[in-house]
Amino acid sequence: MNTLTRENRDGDRMQTEQFVAPPASVTEAGDGYTLEVEMPGVNKDGLDISVENNEIMIVGRRSFPVVEGTLIHHESHPENFRRTFELDPSIDANKISARVEQGLVTLTLPKAEHVKPRKIAVS
Amino acid sequence: MTLIRYQAPELAPWSAADRWSNLRDELNSFFELPFRSSFGRTGQLFTGWSPALDLYQNNDNVVAVVELPGMRKEDIEISLHDGTLTINGERRRESSSNGEKADRTERYVGSFRRSIALPTRVDAGKVSATYRDGILTVTLPKAEEVKPKQIQVS
């Protein structure tokens with residue numbers, strides 16, 4: 001909800017392009033986070049991921065399959081996708097990696113070395 | 001804290017309920033039209049997965065385009081029966097859940113089914129489909145006798 005209202009307040013950007021926030025899932029493992037965002041119709045060329053301050057912004061521009069003919073039933077939304085997330089300070093922003101497969105964008109956000117859970121030996 | 005939406009798997013493929021979910025989806029999209037850019041996706045959070053389907057028609061083919069991100073093509077089933085095209089399948093969780101905590105899950109994981117009545121007869125033997133960038137495109141060539149023909153006036 002927060003990201004949706006923030007997008008609407010972005011006055012100058014909204015005039016040129018319409019965006020929709022795609023569904024996402026976050027899972028946490030011991031050494032990092034995995035973020036999955038669904039963006040059907042988006043391939044590597046249409047993806048734009050940037051990190052600024054503590055926020056990661058993922059923009060996906062769709063490439064539509066060219067179909068000749070009249071549209072007789074329409075359910076899809078033509079808008080492009082945009083979603084921002086606030087990064088946990090334990091994430092090492094330089095080591096973030098991403099891959100896209102069949103419209104699913106998977107980001108791996110590793111935690112910085114010093115915050116990983118580690119055992120402390122008792123002397 | 002885990003936040004996982006529970007969906008009993010045996011409820012999803014019941015096709016009689018699909019008719020009502022299509023009606024509800026149509027009513028939802030009708031009311032959402034002026035606000036589509038802000039509220040487009042949030043309304044679908046707890047209603048299961050009904051992937052968006054577009055249908056096109058030209059002189060030679062009927063083409064169905066379905067948004068199915070994050071699936072493997074082996075998990076997609078396409079069938080044709082009595083002039084109705086049905087696309088169903090199941091999306092599994094990619095990551096093995098071995099001690100991972102799911103902090104927030106908005107993606108639907110489970111099975112889906114979409115059916116649509118085709119406008120004309122198609123040649124079932126010549127149907128082809130491609131799955132690229134999460135979009136499934138099914139091309140159904142029209143049966144010969146329903147293609148538009150020119151009739152000469154002698």
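Okay, here's what the table says:
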{"quantity": "Count - residues of region A:22-68 that are in a strand (DSSP E or B), surrounded by fewer than 17 Cβ atoms within 10 Å (Cβ to Cβ) and more than 7 Å from every other protein chain (Cβ to nearest Cβ)", "calculated": "7"}
{"quantity": "Cross-chain or 6+ apart pairs with Cβ under 6 Å, region B:67-89 first and basic (Lys, Arg), then in a strand (DSSP E or B)", "calculated": "B:LYS73/B:TYR131"}
{"quantity": "Residue within region A:89-102 that is surrounded by 15 or more Cβ atoms within 10 Å (Cβ to Cβ), at pLDDT 90 or above, of a type in the set (A, V, I, L, M) and touching a helix residue (DSSP H, G or I) at 6+ places or on another chain (Cβ under 8 Å) present", "calculated": "yes"}
{"quantity": "Where a residue in region B:129-148 is away from chain A (no Cβ under 12 Å) and of a type in the set (Asp, Glu) and its partner, wherever it lies, is surrounded by 13 or more Cβ atoms within 10 Å (Cβ to Cβ) and not in a strand (DSSP E or B), with Cβ under 8 Å and at least six apart", "calculated": "B:GLU144/B:ASP123; B:GLU145/B:ARG121"}
{"quantity": "Filtered residues of region A:27-64 (kept if in contact (Cβ under 8 Å) with a residue 12 or more places away in the chain and under 24 Å from A:GLU113 (Cβ atoms))", "calculated": "A:GLY30, A:ASP31, A:GLY32, A:TYR33, A:THR34, A:LEU35, A:ILE49, A:VAL51, A:ASN54, A:GLU55, A:ILE56"}
{"quantity": "Matching residues, region A:65-86, being of a type in the set (S, T, N, Q) and free of Cβ contacts under 8 Å to residues at least 40 places away in the same chain", "calculated": "A:THR70, A:SER76"}
{"quantity": "Of all residues in region A:69-91 being at the interface with another protein chain (Cβ under 7 Å from one of its Cβ atoms) and assigned to a loop (DSSP other than H, G, I, E, B), the one that is farthest from B:THR120 (Cα to Cα)", "calculated": "A:GLU79"}
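The values are calculated or read from the model by the stated rules, or taken from the named source; none is laboratory data. Remember, it's a predicted structure, so these values are computed and weren't measured experimentally. Please note: Cβ atoms are built from the backbone with ideal geometry, for glycine as well, and neighbour counts cover all protein chains shown.
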